[in-house]
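As structure tokens, the structure follows; a few thoughts come after it.
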Amino acid sequence: MEIFQIRVTINGKRRKKNIGLATPANLDLAISLLNDHVEKKRLGVLGKETEQVRWTIETACETYWALHGSQRRKPNGEINRKSCREFRRPLDYIKAAWPGRMIDTITYIDVRDLRAKRLREGVKESTVNRTHTVITSLFNMLKTWRRLGQNPVPKNLVLPEENPGELVPKEDENQFIRDRLLTKEEYEMIWMTADNRIRRIILAEMNAPLRFEDLSQLTKDKINAKANEFKGIQNKTGQEYYIPISKPMWELIRTAPGKQILDFRGFRKRWERAVKRAGLKGLQFRDLRRTAATTLHDKGFRLKVISSMLGHASVTTTERYLGLHAENLQEAGKALGEVYGVPNPDKFSVETVPQTVPQFSEKSSSEFDKLADN
């Protein structure tokens, strides 16, 4: 594949610089560098040894994309186009919001105004938070690359003294977490209204709570019969997962006609039809995974075990992910009462516990009130 190279003249000397492989992203980066060269020449600062390099937001975003986002891959090594598109979207918005701005001139006020503008446009707060996160990461990564001398980030690149994204608070992420859980009655209702293909998928999700992408790729070659588990690689994180195979899952495996255990053809329409017939407005497929995880929590399984099954990077993520039934609090109160009752009831009783609060008679109480009034 061809290599992009730019050639410029500085102080009468021809210089060249390799940009990278001939990809659209590197082409944009080369054009940005040439534009910077032309701007420096116009300002009369080109070629000065002590010059400080200033980048536009376009150059910064394209560099961030080339070094950090354009090569996102699936576990099998292929480029993850969906992940790349999601990564690229906020960068395009940032460039459109601050066209031509030098990155060292961007302040927390710009970030604050950008958040306010997007909210006025009707954008969800969770989406605004994602754009905000990209802004913060952009400046942090540029600072790191500058320190390491990562090509093409120069060591004399001018950046804001403080990360403008870190100076503006984001909305609390916990409010964006769905807490919809499926009750036993709702589970039975959607089972009755679903066709056989969707029933198999529902049964699999409730017994092997994988993300949708991983569940749709569940095949028989991922079975470790000796360990009685599925072993695979998560699409989202690239980490391994281990899911125990229950009796219902073995039945699904036995009745699968081919290598693929579940049939996801026409899934979206079939799922929406079942949800509508069951009258479960707003129910999403991912709510099944959360319901299964919460059930494990209610059954007393440790968070570390549930976190491992869900493929979460940390237990903290699992804690935020789980739903909370109102009756859990009542059960928690009963559990404390059962464990921490009166020790050795034959020896101690509530009446024999020393009173630490002084007892007042009606007379002393009225006198106390008079003292308080004075």
Could you list, in sequence order, the residues of region 231-264 that are without any contact (Cβ under 8 Å) to a residue 12 or more places away in the chain and part of a loop (DSSP other than H, G, I, E, B)? PRO257, GLY258
Unique residue being closer than 30 Å to GLN5 by Cβ, outside the structural domain of THR295 (by TED's automatic domain parsing) and touching a residue at least 24 places away in the same chain (Cβ under 8 Å) when the list is LEU167, LEU148, LEU138: LEU138
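Residues are listed down the side, and each one gets a yes or a no for (1) in contact with a Lys or Arg (Cβ under 7 Å, 6 or more places away or on another chain); (2) modelled with pLDDT under 90; (3) closer than 30 Å to ASP214 by Cβ; (4) not basic (Lys, Arg):
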site	(1), (2), (3), (4)
LYS48	no, yes, no, no
TRP55	no, no, no, yes
GLY77	no, yes, yes, yes
ASN80	yes, yes, yes, yes
ARG85	no, yes, yes, no
PRO99	no, no, no, yes
ILE103	no, no, no, yes
ARG115	no, no, no, no
THR133	no, no, yes, yes
Residue list for region 178-205, restricted to those being modelled with pLDDT under 90 and among the polar types (S, T, N, Q): THR183
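Residues that are hydroxyl-bearing (Ser, Thr, Tyr) and at pLDDT 80 or above, at least 2 per element: which helices (runs of 4 or more DSSP H) completely within region 277-327 meet that? Break it down stepwise before answering.
Numbers: elements: 286-298, 303-310, 315-321.
The qualifying helices (runs of 4 or more DSSP H) are 286-298.
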Pair list, Cβ under 6 Å, 6 or more apart: region 267-281 residue in contact (Cβ under 8 Å) with a residue 12 or more places away in the chain, other residue part of a helix (DSSP H, G or I) and among the polar types (S, T, N, Q): ALA274/THR193; ARG277/THR193; ALA278/THR193
Of the residues in region 177-215, those that are surrounded by fewer than 18 Cβ atoms within 10 Å (Cβ to Cβ), closer than 15 Å to MET249 by Cα and either among the hydroxyl-bearing types (Ser, Thr, Tyr) or touching an Asp or Glu at 6+ places or on another chain (Cβ under 8 Å) (or both) number 1
Scan region 220-227 and give yes if some residue there is small (Gly, Ala, Ser) and part of a loop (DSSP other than H, G, I, E, B), otherwise no. yes
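State the number of residues belonging to region 78-110 that are within 22 Å of SER32 (Cβ to Cβ) and in a helix (DSSP H, G or I). Walk me through it before giving the result.
Here is the first cut: in region 78-110, the residues within 22 Å of SER32 (Cβ to Cβ) are 84-85, 87-106, 110.
Remaining after also requiring in a helix (DSSP H, G or I): 84-85, 87-97, 103-105, 110.
Selection size over region 78-110: 17.
The values are calculated or read from the model by the stated rules, or taken from the named source; none is laboratory data. Because the structure is a prediction, the values reported are computed rather than measured. Cβ: placed from backbone, ideal geometry, glycine included. Neighbour counts: every protein chain shown.
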